[in-house]
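Working notes, structure below.
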Amino acid sequence: MITIAVTNQKGGEGKTTTSINLADSLARRNKKTILLDTDPQGNSSSIYTSNFEKTIYDIYQNKSLKLLDILQATEKQNLFIAPSSQRLAEMESISGNNVDAPFFLRDALDGIGNFDFCVIDCPPSLSIFTINALVASNFVLVPLQAEKFSVDGIIGLQQTITSIKKRINPNLEVIGALITQLKPQTLLTKTIIPILDKYYHVFNTSISDGVAIGESHLARCSLYDYNKKCRQSKEYEDFTEEILNELKK
Ligand SMILES: Nc1ncnc2c1ncn2[C@@H]1O[C@H](COP(=O)(O)OP(=O)(O)O)[C@@H](O)[C@H]1O
Ligand SMILES: [Mg+2]
């Protein structure tokens, strides 16, 4: 199984939108996929239902639970969800004094077998939940807007990735940065992309700014299910192909 942490400690950069649509797109390509929501806000879980019996909270609460114990099937054949819960926020401080704290998710995923992808939607912070995601992942995917403050935030994220790679997870790699909410070519975009390029591989596909995204969230579905002909849906399809090609390298 390939595990991808969709991470950026800044809020509003497109982590949830990207996680939902990447997981959906992989599942449609016959990849058995888990969408794992580790943000206490539970935005990506809410696309599927709001009534989950067991959630990621239980994984942090009970070390013997495995991810399979909380996994829920969706109406899509290849898509499974590991849902979050607002209660997850309670674990943020508790896990601070526990030496096992960075490893809860990795332990829960251990031995999961028979899945192709796990896409982790991270919270907008470098909290213990993001650390757990980075420890448990093979790859980091960084969605961000082409704006100065978004690029500034990358430096903090990069330091965290470097130390996790050095101390705990040497195989962790940044698969790339995905520009989201792209406005028509502005001077800002033209200057920011070359700066970003120095840090990360930037995907050729960008996700343009458009109302279909917010509308699909309201309709509680993926962009493809909302309107597969809309521009952003096509862009997420292209982006998924790019990721799959990148992984073949
Ligand atoms: N390409 C886009 N075009 C327009 N709005 C977008 C786009 N991507 C995300 N948004 C909106 O921006 C907000 C933040 O996106 P979200 O995916 O929730 O980011 P994050 O999970 O990083 O906080 C949401 O209201 C979402 O609808
Ligand atoms: Mg989010």
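Every number here is computed from the coordinates shown, using simple stated rules; none is lab data. Worth saying up front: this structure is predicted, and the values here are computed from it rather than measured. Positions of Cβ are generated from backbone atoms using ideal geometry, with glycine treated the same way; all protein chains shown enter the neighbour counts.
Before anything else, pin down the relative contact order of the chain: Cα pairs under 8 Å, at least 6 apart, normalised by residue count, whole percent.
25 percent
Dividing the Cα convex hull volume of the chain by residue count, how many Å³ per residue is that?
Cα-based convex hull of the chain, divided per residue, equals 119 Å³.
By count of other Cβ within 10 Å, fewest leading, how are 48, 199, 226, 236 ordered?
Ranked by crowding around the Cβ, least crowded first: 199, 226, 48, 236.
Taking the Cα centre as origin and putting +1 on Lys and Arg beta-carbons and -1 on Asp and Glu beta-carbons, what dipole magnitude results for segment 51-182, to the nearest 20 debye?
Dipole magnitude for segment 51-182 comes out near 280 debye.
Explain nothing, just the number: dipole magnitude of segment 2-248 about its Cα centre with +1 on each Lys and Arg Cβ and -1 on each Asp and Glu Cβ, in debye rounded to the nearest 20.
Rounded to the nearest 20 debye, it is 340 debye.
If we count every other residue with Cβ under 12 angstrom of residue 124's Cβ, Lys/Arg +1 and Asp/Glu -1, where does the sum land?
Once positives and negatives cancel, what remains is -1.
Using 0.36 nm per residue of separation minus the Cα-Cα distance, give me the extension gain between residue 100 and residue 249 in nm, one decimal.
50.3 nm is the gain from fully extending residue 100 to residue 249.
Could you tell me what percent of the DSSP beta bridges with both partners in segment 2-248 are antiparallel, to the nearest 5?
5 percent
Applying 1/(1 + (r/R0)^6) with R0 = 41 Å to the Cβ-Cβ distance of residue 218 and residue 68, what FRET efficiency is obtained, to the nearest 0.05?
The computed FRET efficiency comes out at 0.85.
Of 54/76; 15/190; 76/229; 63/198; 31/198; 15/63, which ones are farther than 29 Å apart at the Cα?
Flagged as over cut-off: 63/198; 31/198.
Quick one: 122, 230, fewest Cβ neighbours within 10 Å first, how do they rank?
Least crowded to most crowded, the residues run 230, 122.
Stretched out fully, how many nm does the piece from residue 238 to residue 185 gain, at 0.36 nm a residue minus the Cα gap?
Stretched out fully, the residue 238 to residue 185 stretch lengthens by 17.1 nm.
Assuming 0.36 nm per residue, please report the length gained on full extension of the stretch residue 227 to residue 171 beyond their Cα-Cα distance.
16.4 nm
Which net charge results for the neighbourhood of residue 232, defined as the other residues with beta-carbon distances under 11 angstrom from its beta-carbon, given Lys and Arg at +1 and Asp and Glu at -1?
-1
Among 99, 202, what is the fewest-to-most ranking by other Cβ atoms within 10 Å?
99, 202
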